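> Here it is, the structure, as structure tokens.
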Amino acid sequence: MRVLLLGGGGREHALALGLVDDPSVEVLIAAPGNPGIGAIAELRAVDPVDPAAAAALAVEAQADLVVVGPEAPLVAGVADAVRAKGIAVFGPSAEAARLEGSKAFAKDVMTAAGVPTARAYACADAESVGKALDEFGAPFVVKDDGLAAGKGVVVTDDRAAAEAHARECGRVVVEEYLAGPEVSLFVVTDGEAAVPLLPAQDFKRVDDGDSGPNTGGMGAYAPLPWAPAGLVDEVMRDVVHPTLAEMRRRGTPFAGLLYVGLAITATGPRVIEFNARFGDPETQVVLALLETPLGGLLHAAATGSLAEHPPLSWRAGAAVTVVVAAEGYPAKPRTGDVITGAERPGVIHAGTARRPADGALLSAGGRVLCGTATGADLASARDAAYQLVRGIALAGSHHRSDIAAAAIDGRVAVSG
Ligand code: AMP
Ligand code: GLY
């Protein structure tokens, strides 16, 4: 089949690697892609949030399957426009993507479906924000109601900072703090049948020891040696199936990738957020371990035939990815610096570009590259990932040095 992949970050590079590995994928076209994706796919230009342009490209490319990577095109209705042309698309409708696009909508669905999550209030003025902060107490959690690429959330003990974030955002969701390790569970679904991938853990804060501001994600590993037995079954039963049923009941079934962000609290898993697409950088580690051909799986979800898809198979061992970020990320990333040492298997491109004059590889975003490696166990995967990162030279860049370290040392604990 001919596959068109929309997007151009690290997640899409990981998806592209999985797709070209699938013998049923004859041609892979990506738009806009990035230099890493360009090495394995044909690149096209497209305005990522223009549904008509994306649909026209899908027709012109004679795509049998379109895979939408990022959230902004989904929320803009790209999947609807492609589907309207009669082309199979992996990605939810704009209506269903509101599970990610609006935190207040997601809370409403969770309440209706009885899904365990943090208690929360949608607030549009300082008075209601103040009341909610009073009720929950510190640490305070204040979330921008709209899409914010993982950066619209402030978790702080500083009440003035919580109030300031609420003022800047306008409409916010103020919620109860959930204590416990975080898990990202990706679920492939056609709206009815649902297949979980391996749970992974992401590192949202920019600095070691989970300090500093939130980012899009600084690294990830899978599987999770500390995860309680039965976690995935429990989340499928208590979160995923009730949510999918509620979306069907509303007449807006969710088909695509449901990303369940969880905190494993003393009283069990609680949903922190839903996303409507693969997570970045968790996708890099989850797909590194997936043995089942990716194109066939996504095509089955896109065509309502996931129930007939064979069970997934996974490689033994573990995977770790470490993000190399540009100087100044996340506040004000510097771009345009030359990168060397990236030409190695396992180096996944996110914000990179080629200099037109000489083809040199340049930084072009906040998260620039990641080093992804597998190994017989987490420790060896981690060593190999850091070896890749040490081989990359980018002036001013930074990365966390503690990705997967606590899991390897047995320091991740679920209380209760
Ligand atoms: P979100 O964009 O909703 O995933 O939030 C980004 C990050 O903020 C999460 O990965 C958590 O680390 C943190 N966070 C969000 N909501 C909560 C909460 N209710 N309790 C504790 N931490 C949270
Ligand atoms: N890794 C976090 C995200 O993709 O939102």
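The values are calculated or read from the model by the stated rules, or taken from the named source; none is laboratory data. Bear in mind the structure is a predicted one, so any value in this text is a computation, not a measurement. Here the Cβ is made from the backbone with ideal geometry for all residues, glycine too, and neighbour counts use every protein chain on show. Side chains included, ligands, DNA and RNA excluded: accessible areas come from the protein's heavy atoms. Shrake-Rupley method; radii C 1.70, N 1.55, O 1.52, S 1.80 Å.
> For residues that are in a loop (DSSP other than H, G, I, E, B), touching an Asp or Glu at 6+ places or on another chain (Cβ under 9 Å), away from ligand 2 (no atom under 14 Å from the Cβ) and at pLDDT below 95, tally how many sit in the stretch 133-171.
Count: 2.
> Answer yes if at least one residue in the stretch 300-308 is open to solvent by 10 Å² or more (accessible area, probe 1.4 Å), within 16 Å of ligand 1 (Cβ to nearest atom), within 18 Å of VAL240 (Cα to Cα) and not in a strand (DSSP E or B), and no otherwise.
no
> When both residues are 6+ apart or on different chains and their Cβ atoms are under 8 Å apart, which pairs have a first residue that lies in the stretch 270-292 and is within 11 Å of ligand 2 (Cβ to nearest atom), and a second that is modelled with pLDDT under 95 and part of a loop (DSSP other than H, G, I, E, B)?
Sorted first by the residue in the stretch 270-292, then by its partner, the pairs are ASP280/GLY216.
> Mind checking which residues of the stretch 221-244 are closer than 17 Å to ARG411 by Cβ and within 13 Å of ligand 2 (Cβ to nearest atom)?
Answer for the stretch 221-244, where residues must be closer than 17 Å to ARG411 by Cβ and within 13 Å of ligand 2 (Cβ to nearest atom): just TYR221.
> Which members of the stretch 266-297 meet the condition of being surrounded by fewer than 24 Cβ atoms within 10 Å (Cβ to Cβ) and basic (Lys, Arg)?
Of everything in the stretch 266-297, just one residue is surrounded by fewer than 24 Cβ atoms within 10 Å (Cβ to Cβ) and basic (Lys, Arg), namely ARG270.
> Under 25 Å from ARG367 (Cα atoms), open to solvent by 10 Å² or more (accessible area, probe 1.4 Å) and within 16 Å of ligand 2 (Cβ to nearest atom) - does that describe any residue in the stretch 102-112?
At the first step, the residues of the stretch 102-112 found to be under 25 Å from ARG367 (Cα atoms) are 102-103.
After this cut, where a residue has to be open to solvent by 10 Å² or more (accessible area, probe 1.4 Å) as well, the list is 102-103.
Those still in the list that are within 16 Å of ligand 2 (Cβ to nearest atom) too: 102-103.
The answer is yes; a qualifying residue exists.
> Next question. Take the stretch 182-199 and flag every residue that is in contact with a helix residue (DSSP H, G or I) (Cβ under 9 Å, 6 or more places away or on another chain) and closer than 26 Å to ALA331 by Cα.
Across the stretch 182-199, the qualifying residues are VAL183, SER184.
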